[in-house]
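For reference, the structure is listed below as structure tokens.
The values are calculated or read from the model by the stated rules, or taken from the named source; none is laboratory data. Computed from a predicted structure; not experimentally measured. Don't worry about glycine lacking a Cβ; one is built from the backbone with ideal geometry, like all the others, and counts go over all protein chains shown. Just so you know, the surface numbers come from the protein's heavy atoms only, side chains and all, with ligands and any DNA or RNA stripped out. Shrake-Rupley method; radii C 1.70, N 1.55, O 1.52, S 1.80 Å.
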Amino acid sequence: QVQLVESGGGLVQPGGSLRLSCAASGNIFSINAMAWYRQPPGKERELVASITRGGMTTYANSVKGRFTIPAVFAANPVLVYLQTNSLKPEDTAVYYCTTEVLGLAYWGRGTQVTVSS
């Protein structure tokens with residue numbers, strides 16, 4: 001099993017930045033990739049960014065150039081971050097950290113990001 005705990009959300013003005021953190025514990029040696037999803041109010045959950053143990057990253061078009069997903073797979077717990085810059089009101093959502101191990105998906109409880117003036 002894997003346990004994921006997110007932190008770092010909050011209220012920020014448009015144009016601001018936040019750094020979200022996710023710590024993964026448990027069967028971390030089987031983790032090969034991690035990702036951040038978000039769920040805006042009244043909408044479905046969507047992929048924001050992902051990273052593999054080898055360092056390959058993917059980003060949603062809506063966040064390219066504004067968000068990055070650094071990670072430290074060699075740490076215990078495994079750490080993955082979401083650096084969010086130039087935030088917009090449409091980035092308001094609950095952000096979730098997730099990974100898949102041996103065919104099972106694990107999710108954190110999420111952290112709220114609100115972008116508003």
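Structure data summary
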item	result
Test result for residue 114, in contact with a Phe, Trp or Tyr (Cβ under 6 Å, 6 or more places away or on another chain) and either over 17 Å from residue 24 (Cα atoms) or among the polar types (S, T, N, Q) (or both)	no
Some residue of the stretch 42-61 being touching a Cys at 6+ places or on another chain (Cβ under 6 Å) and either in contact (Cβ under 8 Å) with a residue 60 or more places away in the chain or part of a strand (DSSP E or B) (or both)	no
Residues located in the stretch 4-36, provided they are of a type in the set (Ser, Thr, Tyr) and open to solvent by 50 Å² or more (accessible area, probe 1.4 Å)	7, 17
Residues (in contact (Cβ under 8 Å) with a residue 60 or more places away in the chain and surrounded by fewer than 18 Cβ atoms within 10 Å (Cβ to Cβ)) located in the stretch 86-100	86, 88, 89, 100
Check on residue 52, of a type in the set (Ser, Thr, Tyr), farther than 18 Å from residue 4 by Cβ and either in contact with a strand residue (DSSP E or B) (Cβ under 6 Å, 6 or more places away or on another chain) or open to solvent by less than 40 Å² (accessible area, probe 1.4 Å) (or both)	no
Residue check for residue 78: surrounded by 14 or more Cβ atoms within 10 Å (Cβ to Cβ) and within 12 Å of the chain's Cα centre (by Cα)	no
In the stretch 101-111, the residues that are open to solvent by 50 Å² or more (accessible area, probe 1.4 Å) and under 14 Å from residue 37 (Cβ atoms)	105, 107, 109
Of all residues in the stretch 67-88 being in a strand (DSSP E or B) and of a type in the set (A, V, I, L, M, F, W, C), the one that is farthest from residue 52 (Cα to Cα)	67
